[in-house]
Each structure stands twice: as C-alpha cells, then as structure tokens.
Amino acid sequence: MPQGVGANRAIRRSCGGSSCKRRLRETPPNATHWSLSIMAKALDLSPRTVGRIWHEHGLKPHLTRTFKVSNDPRFAEKLEDVIGLYLNAPEHAIVLCCDEKSQVQALDRTQPGLPLKKGRASTMTHDYVRHGTTTLFAALNVADGKVIGQCQARHRHQEWLQFLKLIEERTPDDRQLHLILDNYATHKHPKVKSWLAKHPRFHLHFTPTSASWLNMVERFFRDLTTKRLRRGVFHSVPALVAALQEYLDTYNQEPTPFVWTAKANDVLMKVKRARNKLSSLNKVY
C-alpha cells in the first residue's frame, strides 16, 4: 500500500473516531461552533484535510436548523384529525387552512437599488425605513388552492371575527366549512365562540401546540414572503396592502393546491424519536 494512502486512512480513522466525535458534540473554546481552522489546530491536521473529511461525512458545523417538538398531550389526536381532513375531506364540505401573517412591515429603502444586469446582481441598501405594518388574514382552500385574504391593521378577536364573516360571504351557503387553525387566543375568544354558535356550519380544528407546520397555509405564506415581500419596497402601508392584494388576485387566477403526503404514523414516530432524544439530552444536562 502506498505510504500516502495509508497515512490518509489513518487520518480518517483518527478524525472519525471518538476524539473527533466528542469534539463535534462539544464547542471549541471561545466559539459557538467549529471552523476548519479551529478543528485543524485541535486535531493537528491541515484545514484542507479536515474539510475533505467533513465533506465525506456530510458534516456542516457552520449551519444550524431551528426546530420545536410539540409537547401537546393531545398531539396524536389533533394530528390525525387534521391529516384526515387533508386526505379524506367530508363530502359537500370545504376545508380551509386559516392563519394570520401578522406584523407585515412596509419597508422602504434609504436609496434606490440598481437593476440586474450582465455580470452584476441587482442591489438594494442594507438599511431601510419602516412605514408601519399590516396583518394578512388568509384562508387556503385545500381542494383548489384558492386563498381568501384580507389585510387589517391589527389581529385581535374583532379582526378575526371580520375575517370569519368574509369567509361566510365568499363560500356557498349550502357547504359545511372545516377550518384548520392554530391555538392563538384570538381564535378562542368568548365573542368568537358566541358567533360560531350562531353559525353551525363552521367547524374548527386546532393543530397541536408548536406545530404550525401542520397548517398548509404556512406554505402559502412562505411563497408570499419569498416572491413578493423579501425584496419588496413599500413607501406606505396602503402601498403594501395594495401589493398583497395584487399578489392574491394574481395567485387566485391560477392557484396550485398543496398536497399533503406525510402519513400520520410516520409523523408520530418521528416526533416520538425527537422526544426520546430530547429526554436523554435533558438527563445529561
């Protein structure tokens, strides 16, 4: 065996062994995560070698992902209820995924940006001016992908009631309405409950706590943020509201339904594994 190959394998064994694994679970002195140079120094290797080994093992210490595991005691029950509506909606009923995109800011840039051209990306200033906020209430029709939307200045129970009335106006009177929504207190306000009692065709289905990903309208909000808001320049709140309404009108001309594919049992098993892992980590700390 060539000497270089043997030495390279020895390095991989040392960096893939208990010493390197322990270091990956720990943090270096005076830093939150490992860099190539810091780990190379700790292991007495070259940064290039460490980088190659990280690449081979799919390690990316500079990246992190956010998460939150629901501790709702009725998680399984609520999960199966919501997914059941996605996969097997009741006959002659409309399933709507509802939520508020609150505090949408009308951000204006301090200087005009430069347009895209060959060899240069479009530009915009890093600083901005805030002109106020609006809240977008949205109800995504699971069957056809259309969205009922309304912008309001605030997101209290009064505004939520106005939006419920808009849903009532925009949907056929002879159809039952199943609304999927989160556990925000506004959705459960006594005045809201009183109104719902007088409108029995509305049926509310709540997602588990800390499980907003189960509501498919969040997927619509993500597209809205990426396509219309993130690079948007809005000189006033009315300009922002007009842009949001224009986006909704254009979207509803050719809506694309979001299709739920995950099985309830698969989600439950994944959550169970995450809870067990978190439990073991809590015991360590």
I need the full set of residues from region 240-271 which are hydrophobic (A, V, I, L, M, F, W, C) and either at positive phi or modelled with pLDDT of 95 or more (or both), in order please. LEU240, VAL241, ALA242, ALA243, LEU244, LEU248
Quick count over region 125-160, residues being buried (at least 16 other Cβ atoms within 10 Å of the Cβ) and not in a strand (DSSP E or B), is 7
Test: ASP266 is charged (D, E, K, R), outside any loop (DSSP other than H, G, I, E, B), assigned by TED's automatic domain parsing to the domain that holds GLN152 and farther than 19 Å from GLU100 by Cβ: no
Residue satisfying all of: in region 62-119; among the hydroxyl-bearing types (Ser, Thr, Tyr) and assigned by TED's automatic domain parsing to the domain that holds VAL241; nearest to LYS277 (Cα to Cα) among these: TYR86
Yes/no for ALA197 being surrounded by fewer than 16 Cβ atoms within 10 Å (Cβ to Cβ), closer than 17 Å to VAL147 by Cβ and at pLDDT 95 or above: no
Looking at region 171-193 only, could you name the residues that are surrounded by fewer than 13 Cβ atoms within 10 Å (Cβ to Cβ) and either in contact with a helix residue (DSSP H, G or I) (Cβ under 9 Å, 6 or more places away or on another chain) or more than 28 Å from ASP72 (Cα to Cα) (or both)? PRO172, ASP173, ASP174, ARG175, ALA185, PRO190, LYS191
Do you know which residues across region 185-230 are among the aliphatic types (A, V, I, L, M) and in a loop (DSSP other than H, G, I, E, B)? ALA211, MET216
Would you say THR49 is outside the structural domain of TRP160 (by TED's automatic domain parsing) and within 29 Å of MET269 (Cβ to Cβ)? no
I'd like to check something: does region 103-119 contain any residue that is assigned to a loop (DSSP other than H, G, I, E, B) and of a type in the set (Lys, Arg)? yes
With respect to HIS187, determine if the residue is under 23 Å from the mean Cα position of the chain (by Cα) and either more than 30 Å from SER122 (Cα to Cα) or not assigned by TED's automatic domain parsing to the domain that holds HIS131 (or both). yes
Criterion (touching a residue at least 60 places away in the same chain (Cβ under 8 Å) and among the basic types (Lys, Arg)) met by exactly one of ARG231, ARG222: ARG231
Out of everything in region 110-131 that is under 26 Å from the mean Cα position of the chain (by Cα) and among the charged types (D, E, K, R), what residue ends up being modelled with the lowest pLDDT? ASP127
Those residues of region 46-102 which are among the aromatic types (Phe, Trp, Tyr) and at pLDDT 90 or above amount to TYR86
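The values are calculated or read from the model by the stated rules, or taken from the named source; none is laboratory data. Please read these numbers as outputs of a predicted model, since none were measured by experiment. In this analysis, Cβ positions are derived from the backbone assuming ideal geometry, glycine residues included, and neighbour counts consider all displayed protein chains.
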